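Data first, discussion second: the structure below is written as structure tokens.
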Amino acid sequence: MRILMIAPEPFMEPRGTPFSVYHRAKALLALGYEIDLVTYPIGEKVALPGLHVYRTPSLPFIRKVKIGPSLAKLPLDMLLFLTALWRLLRPGLRRYRYLHTHEEAGLMGVALAFLFGCTGLKHIYDMHSDLAQQMSNFAFSKSALFIRAVEAIQKLIVRRAHAVIAICPDLEQTVRRLSPHTPVYMIENVAVDEALPPANAADALRLRQQLKIGDGPVLLYTGTFESYQGIELLLRSAAIVHSACPTARYVLVGGKPEQVAKQRLLARQLGVADMLCFTGQRPLQEMPQYIALADILLSPRSGGTNTPLKLYTYLRSGKPILATAILSHTQILTPAVARLVTPTAEGLAQGAIELLQDRSLALTLAEKGKQLAEKHYSWPAFMEKNRLAYNAFTGSQA
């Protein structure tokens, strides 16, 4: 069976939602579906058997799309809708029975399912975030009227979709509140890529030498450098950690060049530049090496409700996790599997020092986290949840 999937994202880029789209497609392909993916003209090529990528025409004045809502997405989304419409209208193509949309493309899904409902087209909406909350998180608009309009659009999408996939418990609750009768399936974005070879001690040693960070303990952050990620809190905490553990080093993987430059400046002002190593964005295939290098894995987010994709990788790693005690994290993390602290520089510093000085605590948390991941957030568990959701959505008994 063939699915028309619409992803309003740069596909592929090393960031949250594109990773989610990739793994959703990979799971559905493994379940025997074929996917025609309509997406932006920006991003690296992806080779997955059964995945056919159709990009919108490029626009000379748009070379990149930042994370979160932006004005650049408006013309791209218009082209995205027209490209998807053309694929549904184009003579000679096999008729699509299923439409799978991501993020704001859910509104396109509502329109297309209405236009082609007579053909039996069914729409499933992949809800990666609360669209209205994004407006606040990314400071896109402070207009209460505009935010209420986005809330109304999200409510329409959820109510008109034949089914919804929510990627964390908070979003599942949002769907049930907005539309109690819409089937909703909670499938965490575990982001397992079994094609990546595991790193070993030799890989970690080579990376340590390459980064020139000495032989002390390493605290690793991976991800974007958006304001809600808490990078500034982390840097301020490093000054406190230095007094207790002078040999500790922080390795921060991610961030656009201008974001990295801003944080480097803050590090110099705080007097912790020597403790920090900024790598910028790195390829996905290098992540196992960085994880192998780490003694502690960091998620210092200061706000939000969506579970960070990296937490599932962190849990599987067998390394201790230090994270802030906010809903974004506590939906899956508990004190039994991670050191949870207040979202302050002092809280992050205290947690880091405890894990560095109490090896027994660090090992216990790491082992418990790995056990949790193997039971609930493995690739087989992810596949089973996708299978059950799509069987219910399509009416299949496979």
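The values are calculated or read from the model by the stated rules, or taken from the named source; none is laboratory data. In this text the structure is predicted, and so the values were computed from the model without any measurement. Ideal geometry is used to build each Cβ from the backbone, glycine not excepted, and the neighbour counts take in all protein chains shown. For accessibility, only protein heavy atoms count, side chains too; no ligands or nucleic acids. Shrake-Rupley method; radii C 1.70, N 1.55, O 1.52, S 1.80 Å.
Results, tabulated for the structure shown:
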item	result
Complete set of residues in segment 89-108 that are on the phi < 0 side of the Ramachandran plot, modelled with pLDDT of 95 or more and not in a strand (DSSP E or B)	Glu104, Ala105, Gly106, Leu107, Met108
Single residue of segment 283-292 satisfying the filter (in contact with a helix residue (DSSP H, G or I) (Cβ under 9 Å, 6 or more places away or on another chain) and open to solvent by 10 Å² or more (accessible area, probe 1.4 Å)) that is nearest to Arg339 (Cα to Cα)	Ile291
Scope segment 1-56; condition among the small types (Gly, Ala, Ser) and under 24 Å from Thr119 (Cα atoms); matching residues	Ala7, Ala25, Gly32, Gly50
Qualifying residues in segment 155-185 (those that are touching a residue at least 60 places away in the same chain (Cβ under 8 Å) and outside any loop (DSSP other than H, G, I, E, B)) - the one nearest to Phe393 (Cα to Cα)	Ala163
In segment 135-162, the residues that are out of contact with any Ser or Thr (no Cβ under 7 Å at 6 or more places or on another chain) and open to solvent by less than 30 Å² (accessible area, probe 1.4 Å)	Ser141, Val150, Gln154, Ile157
When residues of segment 195-233 are limited to those that are open to solvent by 40 Å² or more (accessible area, probe 1.4 Å) and in contact with a Lys or Arg (Cβ under 7 Å, 6 or more places away or on another chain), the one nearest to Phe138 (Cα to Cα)	Tyr228
Answer residue from segment 114-133, given it is assigned to a helix (DSSP H, G or I) and open to solvent by less than 30 Å² (accessible area, probe 1.4 Å) and is modelled with the lowest pLDDT among those	Ala132
Test: residue in segment 353-360 that is in contact with a Phe, Trp or Tyr (Cβ under 7 Å, 6 or more places away or on another chain) and either open to solvent by 50 Å² or more (accessible area, probe 1.4 Å) or among the acidic types (Asp, Glu) (or both)	no
Test result for Arg268, surrounded by fewer than 16 Cβ atoms within 10 Å (Cβ to Cβ) and in contact (Cβ under 8 Å) with a residue 24 or more places away in the chain	no
Residue in segment 223-238 that is modelled with pLDDT of 95 or more and more than 20 Å from Ala323 (Cβ to Cβ) present	no
Of all residues in segment 310-331 being aliphatic (A, V, I, L, M) and in contact with a Ser or Thr (Cβ under 6 Å, 6 or more places away or on another chain), the one that is surrounded by the most Cβ atoms within 10 Å (Cβ to Cβ)	Ala323
Qualifying residue in segment 61-82 (condition: of a type in the set (Ser, Thr, Tyr) and open to solvent by less than 10 Å² (accessible area, probe 1.4 Å))	no
Qualifying positions in segment 315-347 - closer than 17 Å to Arg359 by Cα and of a type in the set (Ser, Thr, Tyr)	Ser317
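Yes/no matrix, rows are residues, columns are (1) outside any loop (DSSP other than H, G, I, E, B); (2) open to solvent by less than 20 Å² (accessible area, probe 1.4 Å); (3) small (Gly, Ala, Ser); (4) modelled with pLDDT under 95:
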site	(1), (2), (3), (4)
Lys368	yes, no, no, no
Gln371	yes, no, no, no
Ala392	yes, no, yes, no
Gln397	no, no, no, yes
